[in-house]
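Some notes on the structure that comes next.
The values are calculated or read from the model by the stated rules, or taken from the named source; none is laboratory data. These numbers come from a predicted model, not from an experiment. Quick reminder, even Gly has a Cβ in these numbers, built from the backbone with ideal geometry, and neighbours come from all protein chains shown. Calculation scope for accessible area: heavy atoms of the full protein, side chains included, ligands and nucleic acids excluded. Shrake-Rupley method; radii C 1.70, N 1.55, O 1.52, S 1.80 Å.
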Amino acid sequence: MSGYVLRPAVAEDATSCATIMREWMGENEWFHTHHTTAEDAPFLTTKIVAATMIVAESGNEIAGFLVLEADYVACLYLQRKHRDNGLGVQFLEYAKAKNKSGLNLFTFQANTGARRFYEREGFKVEMMTDGAGNDEGIPDVMYVWEGFRA
């Protein structure tokens, strides 16, 4: 987990973050989207402006990013080489500290690695969907973290 510096994203980070997001998309044969690569950076630029977007730097590169919309984890993506070393936990600790009463998020049902990760971090399945409510039309699952107990 050491070696990462979390900081607010700036507009210049959108392209690097879009590359990380697209890398994940390409790794998952079950994932398909009608959004183009050219749309990725502008989409993330809107998140930088309208939400809380945090990037993790390692050396001179962005290792991953988190988009937090109030108590909703909208995006959490890590470069492949920065996975499984605590960075995802560091991002969730940040989100939990900002939202002590709870968080929610969606991930795709087929994303078994993310599902195991969120469950290890205390998130519980709230509901399963057929994907009709997301842009991709892929079945997803809503997770809820109930927050810190007093």
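Below, the figures for the structure above:
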quantity: Matching residues, region 105-150, being touching a Phe, Trp or Tyr at 6+ places or on another chain (Cβ under 6 Å), of a type outside the set (A, V, I, L, M, F, W, C) and closer than 21 Å to Ile54 by Cβ; calculated: Tyr118, Gly122, Tyr143
quantity: Test for Ala97: is it surrounded by fewer than 17 Cβ atoms within 10 Å (Cβ to Cβ) and within 11 Å of the chain's Cα centre (by Cα); calculated: no
quantity: Scope region 15-48; condition within 29 Å of Pro139 (Cβ to Cβ) and among the small types (Gly, Ala, Ser); matching residues; calculated: Ala18, Gly26, Ala38, Ala41
quantity: Residue, farthest from Val89 (Cα to Cα), within region 3-26, restricted to residues that are part of a helix (DSSP H, G or I), of a type in the set (Val, Ile, Thr) and in contact (Cβ under 8 Å) with a residue 24 or more places away in the chain; calculated: Thr15
quantity: Among (1) more than 20 Å from Asn134 (Cβ to Cβ); (2) over 13 Å from the mean Cα position of the chain (by Cα); (3) at pLDDT 90 or above; (4) open to solvent by 50 Å² or more (accessible area, probe 1.4 Å), the one test that Thr52 misses; calculated: (2)
quantity: Checklist (1) open to solvent by less than 60 Å² (accessible area, probe 1.4 Å); (2) at pLDDT 90 or above applied to Thr33, failing item; calculated: (2)
quantity: Matching residues in region 118-136 - criterion: being farther than 12 Å from Leu103 by Cα and of a type in the set (Gly, Ala, Ser); calculated: Gly131, Ala132, Gly133
quantity: Qualifying residue in region 103-116 (condition: part of a loop (DSSP other than H, G, I, E, B), under 24 Å from Phe31 (Cα atoms) and β-branched (Val, Ile, Thr)); calculated: no
quantity: Cross-chain or 6+ apart pairs with Cβ under 9 Å, region 116-141 first and under 19 Å from Gly88 (Cα atoms) and of a type in the set (A, V, I, L, M), then exposed (fewer than 12 other Cβ atoms within 10 Å of the Cβ) and modelled with pLDDT of 95 or more; calculated: Val141/Met127; Val141/Met128
quantity: Segments classed as strands (runs of 3 or more DSSP E), wholly inside region 43-102, with at least 1 members that are of a type in the set (S, T, N, Q); calculated: 52-58
quantity: Odd one out for Ala9 among (1) more than 13 Å from the chain's Cα centre (by Cα); (2) among the hydrophobic types (A, V, I, L, M, F, W, C); (3) modelled with pLDDT under 95; calculated: (3)
